Amino acid sequence: MPSTLGSNTFGGMFGIQEKDPNSHYYMTRIPDQIMKIVKERICQLIHLNCPPDINCQYCINIRQSPALLKQKSAVFKALNDASYDNDEFRDMLVNDHNIIPHLTHPLIQFASQSQLDMRTDQQEQFNQQKSESSSSLSLITQSLDLLERLISNNNNNILNVVINTPNALHSFCALTNYKFNIHFSQEIENQTFKVRSSIKRCLRYIQQFGDASAQSELVNARYVGVLVILFSIAGGSGEEYDNEIYWRLNHFSYFLRCLNKGRKSSWYPSFPPQLLLAQISDEQIEEEGGNEEIDSQLINKGYSDNIKSQANGAKGAIFYYFIEQGNRKPYWYNQ
């Protein structure tokens, strides 16, 4: 998850922290004088070499270099830290600096390049990765962390900008298995793991906080097929693998249940059943061999048998629309 305020954050970097007087808990915040510097000076650095296709009127064109990428990475980290529990600051980033396209467009380009890389063999990918600047990958991870922070606060305006950006969700889905099971240096592997983890959380937040139109865009991006791939490639043994399988099955079941039954909630947007989307998702599951993959998890005793339970729930979510009103309903029907 994105970092919270503490000794290793923007406030900590300045060596100045103070207790938030509006909180009943002990939380630190960035003092007002530091926030003023962030707003007046740091935020302007968002516009260093803006993506050309967004036509940013505040763009500051500077010759690209690893040092500049590292600086912009630090800027995004600072903004991420300053955004913690600060709605006013997040709104300022979105409304005054149009931050979302500054984050999504480089990610779309990055995903496109990663798809080209997948067409090469592993040795070529290794050579490409060695030549790829670690500062460039660091910028992507910090961009994702900031985007995740913004999406996770259940802001409809932010979600709408993201889902209406052409190719954004397709690119996010493509990055869910970015450089998976390709071994580089430990530093690069840590960064690629961060990319995969953060992008999966972004997609989860979009599904969770999104309305019916967001669910439609996720289906168009083949999100359910991506979830099938994710819990099918999470092979191996141990807690890390079990955790991945458990949560992908959990998200898979929840997504299908929302499509089949609709969602009524006081916390998230409500919408009626989306049966056409459910049917399209079922076709995607078939194409990815999802039924067979879920069947293989029915005997998985990992996570204290909770994976098996999630697999049963996933089977139920798939077969939901085959159940007629007069038939006896299995235990998972109302889950």
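Just so it is clear, none of the values below were taken in a lab; they were calculated from the coordinates. Quick caveat: nothing in here was measured; it's all calculated off a predicted structure. FYI the Cβ positions are ideal-geometry reconstructions off the backbone, even for glycines, and counts take in every protein chain you see.
Before moving on, here are some points about what is shown:
- Near the amide H of residue 263, within less than 5 Å, lie the amide hydrogens of 271, all on another chain or at least 5 residues away, with H placed in the peptide plane.
- The 3J(HN,Hα) values that the Karplus relation (6.51, -1.76, 1.60; θ = phi - 60°) gives for the range 38-48 are, in residue order, 4, 5, 7, 10, 5, 4, 5, 6, 4, 8, 5 Hz. Gly and Pro appear as x.
- Pairwise label distance in nanometres, residue 135 with residue 167, each label 7 Å out on the Cα-Cβ vector: 2.6
- Cα gyration tensor category, rounded, prolate or oblate, for the range 149-221 with a/c compared to 1.5: prolate
- For the range 190-201, backbone phi angles converted through the Karplus equation (6.51, -1.76, 1.60; θ = phi - 60°) give residue-by-residue couplings of 4, 5, 5, 5, 5, 4, 4, 5, 5, 5, 5, 5 Hz, Gly and Pro being listed as x.
- Potential lengthening between residue 276 and residue 65 on full extension [0.36 nm per residue; Cα-Cα distance subtracted]: 71.1 nm
- Applying 1/(1 + (r/R0)^6) with R0 = 22 Å to the Cβ-Cβ distance of residue 109 and residue 268 gives a FRET efficiency near 0.10.
- Note on residue 54 and residue 193: the extension gain reaches 47.2 nm, defined as 0.36 nm multiplied by sequence separation minus the Cα-Cα distance.
- Förster radius 22 Å - calculated FRET efficiency between residue 153 and residue 213 (Cβ-Cβ, nearest 0.05): 0.70
- Cross-link pairs 39/194; 77/200; 77/194; 39/200 - those with Cα-Cα distance over 21 Å: 39/194; 39/200
- Two-site label geometry, residue 95 and residue 32: point separation in nm, points 7 Å out along Cα→Cβ: 2.0
- The amide H of residue 211, built 1.01 Å from its N in the peptide plane, has no neighbour under 5 Å, considering only residues 5 or more places off or on other chains.
- Amide H contacts of residue 48 (H built 1.01 Å from N, in plane; Pro and chain starts excluded): 60 sit under 5 Å, all sequence-distant by 5 or more or on other chains.
- Ranked packing of 144-155, 277-288, most packed first, by mean Cβ within 10 Å: 144-155, 277-288
- 18 Å tail of the calculated P(r), the range 31-91, as % of Cα pairs: 40
- For the range 272-286, 3J(HN,Hα) per residue [Karplus equation, 6.51 cos²θ - 1.76 cosθ + 1.60, θ = phi - 60°, Hz, x = Gly/Pro]: x, x, 10, 5, 5, 5, 5, 5, 4, 4, 4, 5, 5, 4, 4
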